[in-house]
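The values are calculated or read from the model by the stated rules, or taken from the named source; none is laboratory data. In this text the structure is predicted, and so the values were computed from the model without any measurement. Glycine gets a Cβ as well: all are built from the backbone with ideal geometry, and neighbour counts include every protein chain shown. We work out accessible area using only protein heavy atoms, side chains counted, and drop any ligands, DNA or RNA first. Shrake-Rupley method; radii C 1.70, N 1.55, O 1.52, S 1.80 Å.
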Amino acid sequence: MKVFVTGGSGWVGSTVLPELVGAGHEVVGLARSDASAQTLERRGAVPVRGDLTDVEALRREAAAADGVVHLAFRHDFADFAAAAAVDAEAIRTLGEALRGTGKPLVVTSGTPALPGRTATEDDPAPAVGPVGARAANAALALDLAGDGVRVSVLRLPRSVHGAGDSHGFVARLAEIAASNGVSGYVGDGSARWPAVHVADAGRLFRLALEDAPAGSVLHAVGDEGIAFREIATAIGRDLGMPVRPVAPETLGFLGALAAVDQPASAVRTRELLGWAPEQEGLLADIDAGVYRPRA
């Protein structure tokens, strides 16, 4: 099928696009710059210029495609509400272009944080807190199932890891540790984070596009919940530095997330699409030096 992808030049796109191309799909990717266009071409896609605010480009390319994968999101933690508003308008525009066609639309979101228990695909993401607006956007997308769109929401965990990850949360933690001379965790470090290898996530996006029923919520989760202290310990071991509790502000914007218990499972997703992680887990990647800051 012909697939329109937003965010294909980003980190998750590094595996989604090769997965789609390798499966025989023709991929068209939204490119906001010449550099993005070149990256898309290297990954086997045909670039079209535009960004998430270019509703005409979104509408045109979605209408011309047999399916859409929406990966793009402006990760601006200084004004997350504005970034979420742009995302909401993009989802509305893509949905309008696909309304009544039965074509697939895969929308990206995040696994919910439900401290004290493991979140499942059946759990709605609480629309509260600084990232609550993105949960509302996922609900907006799922409503499109009633408009003849084969929509699915694919939730990614806190870490989408792998060689080449330079901007994710774990990469940032390693950079902070290298700068401060200590690998820190908040409180007793028992808060758990889910994770998935980027290659496993890329395969799930392809399966969702091809086979997910309308209204599906999917979890791309490999490691269900790794204690934050274990992540800090692995980083400290790799960098050869001490590991100890630190004040949340030491970790920047990650300080607040570091103390939130947020494990998640993918049992329903595995049963529905026959997906199972095949790659190494997060701690193995850290031990292999994937997150060692380069000079």
**Study point:** Residue in the range 71-80 that is nearest to Leu154 (Cα to Cα), counting only those that are surrounded by 13 or more Cβ atoms within 10 Å (Cβ to Cβ) and modelled with pLDDT under 90
**Key:** Arg74
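Being assigned to a strand (DSSP E or B) and within 10 Å of Val107 (Cα to Cα) is the filter here; which residues of the range 137-154 pass it? Steps first, answer last, please.
In the first step, residues of the range 137-154 are kept if they are assigned to a strand (DSSP E or B); the result is 150-154.
Correct list: Val151, Ser152, Val153, Leu154.
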**Study point:** Lone qualifier among Gly95, Gly44, Gly102 - being part of a loop (DSSP other than H, G, I, E, B) and out of contact with any Pro (no Cβ under 9 Å at 6 or more places or on another chain)
**Key:** Gly102
Practice item. Answer yes or no: is there a residue in the range 62-70 that is of a type in the set (A, V, I, L, M, F, W, C), open to solvent by 10 Å² or more (accessible area, probe 1.4 Å) and under 21 Å from the mean Cα position of the chain (by Cα). Key: no
Revision key, fill the gap. Conditions (1) open to solvent by less than 30 Å² (accessible area, probe 1.4 Å); (2) not in a helix (DSSP H, G or I) -> Gly202 fails only (2)
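Residues Ala85, Ala125: which one is open to solvent by 20 Å² or more (accessible area, probe 1.4 Å) and over 17 Å from the mean Cα position of the chain (by Cα)?
Working: Ala125 fails: over 17 Å from the mean Cα position of the chain (by Cα).
Matching residue, one of Ala85, Ala125: Ala85.
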Point to revise | Residue in the range 155-162 that is modelled with pLDDT under 95, more than 16 Å from Ala276 (Cα to Cα) and not in a loop (DSSP other than H, G, I, E, B) present | key: no
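Considering each residue of the range 165-214, count those that are of a type in the set (Asp, Glu) and over 25 Å from Leu142 (Cβ atoms), and give that number. Outline the logic, then answer.
Quick first cut of the range 165-214, residues of a type in the set (Asp, Glu) only: 165, 175, 188, 200, 210-211.
Remaining after also requiring over 25 Å from Leu142 (Cβ atoms): 165, 175, 188.
Residues meeting the conditions: 3.
Answer yes or no as to whether Gly184 is outside any loop (DSSP other than H, G, I, E, B), open to solvent by less than 20 Å² (accessible area, probe 1.4 Å) and more than 21 Å from Thr108 (Cα to Cα).
yes
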**Study point:** Any hit, the range 108-117, residues being crowded, with 20+ Cβ neighbours inside 10 Å and in a helix (DSSP H, G or I)
**Key:** no
